[in-house]
Each structure stands twice: as structure tokens, then as C-alpha cells.
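The values are calculated or read from the model by the stated rules, or taken from the named source; none is laboratory data. Predicted, not measured: the structure shown is a model, and the values here were computed from it. Reconstructed Cβ throughout: ideal geometry from the backbone, glycine too, with neighbour counts over all protein chains shown. SASA here: full protein model, heavy atoms, side chains in, ligands and nucleic acids out. Shrake-Rupley method; radii C 1.70, N 1.55, O 1.52, S 1.80 Å.
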Amino acid sequence: MASGLCSIVAQGLPLVLFASLAAAADCSGPPVPALQPLAPEVWLVPGAPAASGPENHGKTSHQLLAREGGRLWLIGAGPTPAYARALDCRLRQRFGHGATDVVVPWPHGEQALGASGYAGARLWVHSDVAATMEHQCPACAEALRAALGPAAAELGAAPVAIPDRRFEGASGELGPWRWWRLWRGEGQPVTLWRLRAAPLYFAPGLVWQGGAPDSRLADVERLRASTHELVQIGAPDGAAARWVGEQGDPGDASTPARQATYWDALQAAVDAAFERGEMLDKPPPLAGVAPEALADPRHALNWQRAWRQAEDRFLQAPEKGRQ
């Protein structure tokens, strides 16, 4: 799953050498991965394809960096203010200044809790994402603090900083990007990003490459519908489209369709088993789904979540019928 990320180069140097240079440079704090060029003036700041822990300092979500004129636009704030300060230092070394604009793409700790660490940057968020952050981010901060263990001090005393610059609606443009607001579930918004100058998409919270997607805090049916929306949004770009997700290597134009196939097969298997009255403690084989997705530990969790939500719909159906 991480083969492409393990050979990332920055300015011609392997990642292992980059880490040595970063240690020697005047940028303290958590390690910062090398920038991976994706398109002219666009770079991936890769996240580790794993759960957050002290060994990766919570840097498990991808960020995208785009330069437009004199501004550096960063989609994704990173996991902690300490990480954000370290990344901003590396950006100053390379570009002469730090991030000028930082967007929180969805209310997920690893994409949101670094926001306060970018000194002088304009902080952006969709108004629906901001509303969810207000009630959800204190809990996700404590969950990340527990996961980081000895690295938890990198969060600081008050890591939740909700951006003050808002954009609204179902779609629009911001800086070098086009964006769409989609949903992972009730009250769980997520934003999709496309570079205006090229068919490069960033779908944090919706796409995971090389493994199963993550349905935590999501409604599986709503997440499935949003994934099908990705297919429709990317269709005008045809085979030229490229997709970056929350984790994993960048993918080709078929990426959202493969993700949609996963959700379709999972939901169909849950519905079929439920209608037969079977109680399955593990998911059955799913036709058409990549083996690495079925082997991912998240797959079993997705099955359990989809099953519980099917039960909820069944229990609510009689009550709705009496209304």
C-alpha cells in the first residue's frame, strides 16, 4: 500500500536523507515528510498509511500544497500545532515564506488540529465543517492525545482552533482550487478539491488508496452515495483525472469507481444477509473488490458499522410506518 510513498524524493534526495537534513536544519519539532511533486506548482505532503501513534506523531493524513503567485495554499492543517510549525519552517526554507492559506477539509483531528501552528496564515473552512468542528473537535483532540502517548505534548494545551474565514454552499472556488461539499453522514461534512489548472483531485475523508476506506463517524449509505458523486464529478475529465485520498498512493481516473464498487458490494452483502436473517460475525467474500481492501482491518469495522445501521433502519421502519 505504501510502496510509492516509501520512495518519495524531494529535490532529488530520498526520504531517509531528507530526514537527516531536516534534523540538521534549524527546524525543530516532529519530523516532516518530503514534498512529492504532483503537478506544476503542486506537491503532496504525505501521511503515513497507518493509525495515529507516537511513532508517526499523528501524521497519517495527506495534505496538498499549491503555489499560486506569491501564495502557498495548504489543504489539510495536519495533526498538531507542533507539526504545523515544523512544516511551516520547512516551507520557509524552500519557498522563502510559510503557508499563506490553510484549509481544514473535514472535521477530522489529523486534518484539523494543526491549524493554530501556521503563523500569519489565513485559515479557511466550509461553514458546515466549522459547525461540526465546534462540537466534535474537543473529543477528537482528546482521542488523538491518547493515541499519541509520549508525543501528546505536541498538541499543546488548547489545540482546537476553528478557522475564521468561511466559505459556503455546495460548490465553489477558492484560490487555485475548485471545491464541492459532500457528506459522510448526518452532520458529517467533507470537502472535495480539484486543482483549477489540471484534473488533479483531493478527496480526504472519502478516498483511501491501497486498503479499505474508513467509515468512522459516517453513515455507510451516505458515504456510498457521496463516493458515487465523486465518480460523476470526475467524469468530465475522463482518463486524465488523478485522485489523491486521505491515505495511500495517488490513483488514476478509476479510483472513485473502485471505491464505489467497495461500498456497493459491502452494502449489498449486508442487506442480503440481513434479509435472510443471518447473523454474520465477519464479512463474507465480496466480488469485484481488491484483495488489499478485504485484508485491511478497517474492512471488518466497516462491515460491523453497516450491519448496525441496517439494524437501526429495520427497527425504525415499523415506527415510521405508523406515522
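Scanning segment 251-269 for residues that are in contact with a Phe, Trp or Tyr (Cβ under 7 Å, 6 or more places away or on another chain) and within 22 Å of Gly47 (Cα to Cα) yields Gly251, Thr255, Pro256. Taking segment 51-153 and the strands (runs of 3 or more DSSP E) fully enclosed by it, no element has 1 or more residues that are on the phi > 0 side of the Ramachandran plot and crowded, with 21+ Cβ neighbours inside 10 Å. Scanning segment 263-289 for residues that are in contact with a Ser or Thr (Cβ under 8 Å, 6 or more places away or on another chain) and open to solvent by less than 60 Å² (accessible area, probe 1.4 Å) yields a total of 2. Among the conditions (1) modelled with pLDDT of 95 or more; (2) not in a loop (DSSP other than H, G, I, E, B), the only one that Pro213 does not satisfy is (2).
If you check Gln267, Gln247, Gln232, which single one turns out to be closer than 27 Å to Gly58 by Cα and polar (S, T, N, Q)? Full working, then the answer.
On the way: Gln267 fails: closer than 27 Å to Gly58 by Cα; Gln232 fails: closer than 27 Å to Gly58 by Cα.
So the residue among Gln267, Gln247, Gln232 that is closer than 27 Å to Gly58 by Cα and polar (S, T, N, Q) is Gln247.
Is there a residue being surrounded by 14 or more Cβ atoms within 10 Å (Cβ to Cβ) and assigned to a helix (DSSP H, G or I) anywhere in segment 179-186? Outline the logic, then answer.
Quick first cut of segment 179-186, residues surrounded by 14 or more Cβ atoms within 10 Å (Cβ to Cβ) only: 179-185.
Adding the requirement that they be assigned to a helix (DSSP H, G or I) leaves none.
Taking every residue of segment 179-186 in turn, none turns out to be surrounded by 14 or more Cβ atoms within 10 Å (Cβ to Cβ) and assigned to a helix (DSSP H, G or I).
Scanning segment 218-252 for residues that are surrounded by 17 or more Cβ atoms within 10 Å (Cβ to Cβ) and at positive phi turns up just one, Gly248.
Residue-wise test of (1) touching a residue at least 24 places away in the same chain (Cβ under 8 Å); (2) under 22 Å from Val102 (Cα atoms).
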{"residue": "Ala161", "(1), (2)": "yes, yes"}
{"residue": "Glu186", "(1), (2)": "yes, no"}
{"residue": "Thr191", "(1), (2)": "yes, yes"}
{"residue": "Arg196", "(1), (2)": "no, yes"}
{"residue": "Val207", "(1), (2)": "yes, yes"}
{"residue": "Pro213", "(1), (2)": "yes, no"}
{"residue": "Arg224", "(1), (2)": "yes, no"}
{"residue": "Thr227", "(1), (2)": "yes, no"}
